[in-house]
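**Student:** Got a structure for you, questions after.
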Amino acid sequence: KTTYEETTRLTRKYITKDAIVLEFACGTGIVDVEIAKDVNKILAVDISDKMIENAKLKTKNAGISNLDFMVTDIYDSRLIEGSFNVVMAFNIIQFCKEEKILFERIWKLLAPDGMFISTTDCYGEKKSVMNLMLKILIKLKILPYVKSYSCSDLEKAIINN
């Protein structure tokens with residue numbers, strides 16, 4: 001199975017038919033297109049107009065009507081606080097420098113008893129040549145900021161924020 005197939009399978013375990021969902025940093029909307037039939041409505045946002053263009057085309061080709069896209073970020077004031085049963089973030093948390101501000105925003109967007117669903121690469125989980133190279137490339141500013149979470153550090157960050 002691909003990573004996205006596994007992400008979709010696991011996400012389906014936690015969502016309900018009546019859910020109003022927000023995905024931020026949705027990219028091309030791969031997961032959104034797959035789970036749209038399992039929820040009431042999805043709003044997916046990304047800062048890349050090219051990614052959103054691609055996602056809209058996938059949605060149109062799949063005949064999906066309960067999935068909308070916006071070129072924006074999670075801090076957009078048009079996203080109404082308390083209005084989402086689920087906020088999803090797939091493969092993005094490790095790129096966010098201001099985790100406290102990010103998690104505060106996520107919690108504000110969630111309805112009471114809402115749920116945050118995320119997948120995040122935990123590069124700090126073990127020492128490897130790849131992780132060393134990653135750190136060097138980030139320091140040289142060849143790659144953007146990436147936080148090397150361990151699984152327990154990520155869990156603490158979510159719980160503490």
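Yes or no, residue by residue, for (1) open to solvent by less than 10 Å² (accessible area, probe 1.4 Å); (2) in contact (Cβ under 8 Å) with a residue 12 or more places away in the chain:
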position: Thr16; (1), (2): no, yes
position: Leu57; (1), (2): no, no
position: Lys60; (1), (2): no, no
position: Met88; (1), (2): yes, yes
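**Student:** Report every pair of residues separated by at least 6 positions or lying on different chains whose Cβ atoms are under 6 Å apart, first residue within the range 127-148 and closer than 17 Å to Phe95 by Cβ and open to solvent by less than 100 Å² (accessible area, probe 1.4 Å), second outside any helix (DSSP H, G or I) and among the charged types (D, E, K, R).
**Tutor:** Between residues of the range 127-148 that are closer than 17 Å to Phe95 by Cβ and open to solvent by less than 100 Å² (accessible area, probe 1.4 Å) and residues that are outside any helix (DSSP H, G or I) and among the charged types (D, E, K, R), the close pairs are Tyr145/Lys97.
**Student:** So if I check each of Ile30, Ile101, Ile52, Ile35, which one is in contact (Cβ under 8 Å) with a residue 12 or more places away in the chain and open to solvent by 10 Å² or more (accessible area, probe 1.4 Å)?
**Tutor:** Values: Ile101 fails: in contact (Cβ under 8 Å) with a residue 12 or more places away in the chain; Ile52 fails: open to solvent by 10 Å² or more (accessible area, probe 1.4 Å); Ile35 fails: open to solvent by 10 Å² or more (accessible area, probe 1.4 Å).
None of the others qualify; the one that does is Ile30.
**Student:** Tell me, which residue of the range 149-161 that is part of a helix (DSSP H, G or I) and over 16 Å from the mean Cα position of the chain (by Cα) is surrounded by the most Cβ atoms within 10 Å (Cβ to Cβ)?
**Tutor:** Applying the filter and picking the extreme gives Asp153.
**Student:** Would it be correct to say that Ile117 is surrounded by 14 or more Cβ atoms within 10 Å (Cβ to Cβ) and in contact (Cβ under 8 Å) with a residue 40 or more places away in the chain? Lay out the reasoning, then the answer.
**Tutor:** Details: surrounded by 14 or more Cβ atoms within 10 Å (Cβ to Cβ): yes; in contact (Cβ under 8 Å) with a residue 40 or more places away in the chain: yes.
It is true that Ile117 is surrounded by 14 or more Cβ atoms within 10 Å (Cβ to Cβ) and in contact (Cβ under 8 Å) with a residue 40 or more places away in the chain.
The values are calculated or read from the model by the stated rules, or taken from the named source; none is laboratory data. The model shown is predicted, which means the values in this text are computed figures rather than measured ones. Positions of Cβ are generated from backbone atoms using ideal geometry, with glycine treated the same way; all protein chains shown enter the neighbour counts. Accessible surface is based on the protein model in full, side chains and every heavy atom, while ligands, DNA and RNA are left aside. Shrake-Rupley method; radii C 1.70, N 1.55, O 1.52, S 1.80 Å.
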